[in-house]
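Below: one structure, written as structure tokens.
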Amino acid sequence: MSDEWFAETLYRDYQQRLRVSKILHREKTAHQDVLIFENPYFGRVLALDGIVQTTEGDEFAYHEMLVHVPILAHGAARRVAIVGGGDGGALEEALKHDVERAVMVELDPDVVALSRRYLPSICGDAFDDPRAEVIHADGAAWMKAADETFDVIIVDSTDPVGPSVALFEQPFYADCRDRLSESGILVTQSGVTFMQEEEARNTYARLKPLFADAWLYLTQVPTYGAGYMTLGWGAMSAEPRATPADEIERRYRAAGIETRYYNPQAHAAAFGLPEYIRALMG
Ligand code: AG3
């Protein structure tokens, strides 16, 4: 067993380490530092600028909740946009639904190329799907200039340090809202709340004045460490979040998707927030 360890230093006073059994790729792209390695427990791991983005072992806990919750709450999503998400995991989940078009706007083309090569178990054939379009651009600038509408917009970003900062700002959320259809939904990656309180607090505070229904919901991703991750929720109407459980169940069955984290009960439960998170929302 190798004695090399990858040490993530994202959170203050807290560190997680993953054993590196093999380094598959290391590169400084025009935008960030990419590292892909193998860990005996989690399989292949993608780290950007020293921060774990996804692993073969637990990506389902993130991508399924990020994608299936808004799409099944919407009920008739045909046009989906993903901002970020270069590994293709969110795109792959979105394409499991009966969508007409899934646009992914990812800044770094190298992340897409490397994910296709090293992480096929995460992206599957998503990049070759005729319904998918990959655009390499700055997500915030692209959204501002876009002229089409989407039923669901998914922000699958890195943390708000470096290139993703604008994706956590209110002007970007407002541009997303302007691109949503009548009953559209925006969801955003909003950090691991226990360690990144500001992210959850700011996300909710910024979404609230813009959307008819703003909230946060939960997922638990082992390699993001230190407790629940919250995902931001901004919807054009209160209806999607209030969809009765039996209707979510019917949509889930009709979609015929296989999942390992998502199910209609987990969907409903994800909106039930612990008190320490409610407190951040004021
Ligand atoms: N997007 C979320 C990464 C979050 C990692 N940060 C953290 N642990 N606070 C990753 C891209 C996956 N498609």
What single numbered condition from (1) touching a residue at least 40 places away in the same chain (Cβ under 8 Å); (2) out of contact with any strand residue (DSSP E or B) (no Cβ under 6 Å at 6 or more places or on another chain); (3) surrounded by 18 or more Cβ atoms within 10 Å (Cβ to Cβ); (4) not hydroxyl-bearing (Ser, Thr, Tyr) fails to hold for residue 123? (1)
Return yes or no: is residue 12 in a strand (DSSP E or B), out of contact with any Cys (no Cβ under 7 Å at 6 or more places or on another chain), farther than 19 Å from residue 119 by Cβ and outside the structural domain of residue 246 (by TED's automatic domain parsing)? no
Pairs under 6 Å by beta carbon, first residue more than 9 Å from the ligand (Cβ to nearest atom) in the range 186-198, partner β-branched (Val, Ile, Thr), six or more apart or different chains? 186/153; 187/154; 188/155; 190/203; 190/230; 193/230; 193/277
The one condition residue 139 fails out of (1) modelled with pLDDT under 95; (2) under 17 Å from the mean Cα position of the chain (by Cα); (3) of a type in the set (Gly, Ala, Ser) is (1)
Regarding the range 133-150, can at least one residue be identified that is within 16 Å of the ligand (Cβ to nearest atom) and of a type in the set (Ser, Thr, Tyr)? no
Which one of the conditions (1) touching a residue at least 40 places away in the same chain (Cβ under 8 Å); (2) within 18 Å of the chain's Cα centre (by Cα); (3) farther than 20 Å from residue 232 by Cα does residue 112 fail to meet, given that it meets all the rest? (1)
Among the residues of the range 83-132, the number that are under 15 Å from residue 157 (Cα atoms) and either assigned by TED's automatic domain parsing to the domain that holds residue 26 or of a type in the set (D, E, K, R) (or both) is 3
Conditions (1) within 15 Å of the ligand (Cβ to nearest atom); (2) under 25 Å from residue 163 (Cβ atoms); (3) surrounded by fewer than 21 Cβ atoms within 10 Å (Cβ to Cβ) -> residue 91 fails only (3)
Are any of the residues in the range 182-193 among the acidic types (Asp, Glu) and over 17 Å from the mean Cα position of the chain (by Cα)? yes
Every residue from the range 173-209 that is in a strand (DSSP E or B), in contact with a helix residue (DSSP H, G or I) (Cβ under 7 Å, 6 or more places away or on another chain) and more than 13 Å from residue 159 (Cβ to Cβ): 183, 185, 186, 187
Which members of the range 94-104 meet the condition of being crowded, with 24+ Cβ neighbours inside 10 Å and assigned to a strand (DSSP E or B)? 102, 104
Which pairs have Cβ atoms under 6 Å, sit 6 or more apart or on different chains, and link a residue in the range 211-229 that is over 14 Å from residue 11 (Cα atoms) and hydrophobic (A, V, I, L, M, F, W, C) to one that is near the ligand (Cβ under 8 Å from one of its atoms) and not in a helix (DSSP H, G or I)? 221/229
For residue 60, only one of the following conditions fails: (1) within 25 Å of residue 271 (Cα to Cα); (2) within 12 Å of the ligand (Cβ to nearest atom); (3) in contact with a strand residue (DSSP E or B) (Cβ under 8 Å, 6 or more places away or on another chain). What is its number? (3)
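The values are calculated or read from the model by the stated rules, or taken from the named source; none is laboratory data. All of these numbers come straight from a predicted model, not from anything done at the bench. For neighbour counting, all protein chains shown are included, and Cβ atoms are generated from backbone atoms with ideal geometry for every residue, glycine included.
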